[in-house]
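The values are calculated or read from the model by the stated rules, or taken from the named source; none is laboratory data. Here the structure is a predicted model, which is why all the values come from computation and not from measurement. Using ideal geometry, Cβ is built from the backbone for each residue, glycine included, and neighbour counts are taken over all protein chains shown. We work out accessible area using only protein heavy atoms, side chains counted, and drop any ligands, DNA or RNA first. Shrake-Rupley method; radii C 1.70, N 1.55, O 1.52, S 1.80 Å.
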Amino acid sequence: MPRESKKAKRARAQEVYERLRGEYPDAHCELNFTTPFELAVATILSAQTTDERVNMVTPALFERYPDAPALANAQQDDVEELVRSTGFFRNKARNIIGFARGLMAEFDGEVPRTMDELRPLAGVGRKTANVILGNAFGIDEGVVVDTHIKRLSNRLRFTRSDNPEKVERDLMQLFEPEQWTMLAHLLIWHGRRVCDARKPRCEACLIADLCPSSDL
């Protein structure tokens, strides 16, 4: 692909966004939650596993520990057993208990609404904070970057980096702030349904003509 100007890349990015928005009008976070606390815990548990797997364990977890006060007083062994099937269960149990204790110590048990307040909490990095802010509070602070988003962003040449924070910065320069949360949903949905990691289905892709990596 010939060198692309910034203006042309932004125009192509907007066309990609509009097409995906039309293709996936119901795109949303696929972790099940009813409160910001539940979303935060589910997101911490989702590391290196699927949303489907997390959704299988959170009903029992939240029935026993529905809020920060309850989880902050939980026994590590009990939480480990509840989240075992998500993998890395000891570390995840430690993180979600630590997260709840942080909420109790610093925020009266409530999930805060800023990046600076969220990031120091146990189990929360920038990605998790972006998920919480965008989906629980409707705050477009940045762009969530997971494996799907990183893969599609590179294939689309929206970035040439594998570093999540660099990928995020590149995407934030191409898309409007009010698009950032939905952009993540759209790229994840397309990555799961069409743009597979091993064998992308370019013949079924509605943005193949806009993708420098398309084999069509």
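The table that follows gives values for the structure above.
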| quantity | calculated |
| --- | --- |
| Residue in the stretch 13-36 that is open to solvent by less than 50 Å² (accessible area, probe 1.4 Å) and either touching a Gly at 6+ places or on another chain (Cβ under 6 Å) or modelled with pLDDT under 95 (or both) present | no |
| Matching residues in the stretch 46-62 - criterion: being assigned to a helix (DSSP H, G or I), more than 18 Å from Ala74 (Cβ to Cβ) and of a type in the set (A, V, I, L, M, F, W, C) | Met56 |
| Total residues in the stretch 27-70, condition of a type in the set (Val, Ile, Thr) and either farther than 20 Å from Gly87 by Cβ or in contact (Cβ under 8 Å) with a residue 60 or more places away in the chain (or both) | 4 |
| Some residue of the stretch 132-139 being under 30 Å from Ala72 (Cα atoms), part of a helix (DSSP H, G or I) and either among the acidic types (Asp, Glu) or touching a strand residue (DSSP E or B) at 6+ places or on another chain (Cβ under 9 Å) (or both) | no |
| Qualifying positions in the stretch 13-45 - part of a helix (DSSP H, G or I), β-branched (Val, Ile, Thr) and within 30 Å of Pro120 (Cβ to Cβ) | Val41, Thr43, Ile44 |
| Residue that is farthest from Leu216 (Cα to Cα) [pool: residues in the stretch 180-202 that are of a type in the set (A, V, I, L, M) and out of contact with any Phe, Trp or Tyr (no Cβ under 7 Å at 6 or more places or on another chain)] | Met182 |
| Verdict on Leu156 being crowded, with 20+ Cβ neighbours inside 10 Å, in contact (Cβ under 8 Å) with a residue 24 or more places away in the chain and touching a Pro at 6+ places or on another chain (Cβ under 8 Å) | yes |
